[in-house]
Ligand code: DAH
């Protein structure tokens, strides 16, 4: 045998092979104990796996070559096992700077690991220091976000209209006097402007009134913006934030949310308006809910109506939520005033009130949300208090 220290293989029985390989395995274990530095890892690798001089190569050359054919398979399998073991030891030593044992790694932390050797431990600590990692801290726990109740209501209500074929639009929150008021048939000085007390952007006195900027008081200006962009037919809902110069109290907030709706086509009648809203309310609140319409006034619709629904909580008998009336007022609506089409016609001549007609509606998302969840103070919806919001997660 040319290789130094290679034990001779006396027989090829299972027992003889088992014994020979058991000796090699303990030799591997023994030499693994010498691993204590980067250099010794390399030495271990060369000693066992070196391509030319490696012990595994020499032994397999010596044993396999002279073995009878039927023994080669048995020996080959055992060599593979041994090689896997050696590679396993190397993988562990290479990839992690510490290995199982006992004793603390960092002060106060007992991870049941022991540094393979002092140098690698030093490197490990230096890396932790450099990266500012304190492994004693609990990990960052990221909780899943949840929809804010207002957004949830908005999405649900918008989805009701989407199922009826409506598309969804948006518009700017900083709006001109023209879109917010004038084009919706609120001329300058019209008393209906007082019902929507405005927050105006400062220092615009130099501009003509129609161009002055304000925070939109309702989502209705997006009706005009939509019609300017496209000829009829239109079926659109517009959810969004609106602003009013209102003092905050339990039921008023200077910021709140609305959903606007607009439908324009040939032969749209008040029956279509009633049918659409009745269906939407039944979809949203349950099929037993009834609607009723009362005459009202909005400058941009004629006729106009306020809509009430029968209380979805008590079925109309009267309860706290409907203030014992059995009915809850939820939205405003009406047939689009021909004067509004008149404002659009300059840009889209197809909005000829003699040929087309339409209806519009607007609802307060906050009100619906408060009613649905029994929230008595609107400010809770804007406080950002996680204890309140978590209830809707
Ligand atoms: N814009 C109205 C408001 O904020 C709500 C409204 C009423 C919108 C009737 C409409 C409508 O489109 O037809 O008070």
### Query
Quick one: Cα centre-to-centre distance for region 209-257 and region 332-393, in angstrom?
8 Å
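FRET efficiency for residue 167 and residue 130, Cβ-Cβ distance as r, R0 = 56 Å, nearest 0.05?
0.55
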### DSSP-defined antiparallel bridges as percent of all bridges, the chain, nearest 5
95 percent
### Query
What FRET efficiency would be calculated for the residue pair residue 317, residue 137, taking the C-beta separation as r and a Förster radius of 56 Å, to the nearest 0.05?
0.50
### Query
Using alpha carbons only, how many degrees (0 to 90, rounded to 10) separate the axis of helix 118-131 from the longest principal axis of the chain?
10 degrees
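Taking neighbour counts of Cβ atoms within 10 Å as a proxy for exposure, in what order, fewest first, do 85, 347 appear?
347, 85
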### Query
Angle between the Cα long axis of helix 149-162 and the longest principal axis of the chain, 0 to 90 degrees, nearest 10?
70 degrees
### Summary
With 0.36 nm assigned to each residue of separation and the Cα-Cα distance removed, residue 377 to residue 355 gains 3.3 nm
### Query
On a 0 to 90 degree scale, rounded to 10, what angle separates helix 55-66 from the longest Cα axis of the chain?
60 degrees
#### Entry: Extended-chain gain in nm, criterion 0.36 nm per residue less alpha-carbon gap, residue 156 and residue 144
2.3 nm
### Message
Springs between alpha-carbon pairs under 10 angstrom, Gaussian network model over the chain: which of 138, 68, 233 fluctuates most?
### Response
68
### Query
In whole percent, what relative contact order does the chain give with Cα contacts below 8 Å and a gap of six or more residues?
12 percent
### Message
Over the Cα atoms, compute the radius of gyration (one decimal) and Dmax (the largest Cα-Cα distance, rounded to a whole number) for the chain, in Å.
### Response
39.9, 114
## Note on the structure
For residue 80 and residue 201, extending 7 Å from Cα along the Cα-Cβ vector and measuring point to point gives, in nm, a value of 7.5 nm
### Query
Suppose R0 equals 51 Å; then what is the FRET efficiency for residue 190 and residue 385 from their Cβ-Cβ distance, rounded to the nearest 0.05?
0.80
#### Entry: GNM top mover of 79, 297, 343 - the chain, alpha-carbon springs below 10 Å
79
## Note on the structure
Per the rule of 0.36 nm per residue minus the C-alpha distance, extending residue 43 to residue 12 adds in nm 8.0 nm
### Summary
Label model pair residue 72, residue 53: point-to-point distance (7 angstrom along the Cα→beta-carbon line) in nm is 2.9 nm
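Read-outs throughout are calculated quantities, based only on the coordinates presented, and are distinct from any laboratory measurement. Model, not experiment: these values are computed from the prediction. Counting neighbours? That spans all protein chains shown, and the Cβs are built from the backbone with ideal geometry, glycine included.
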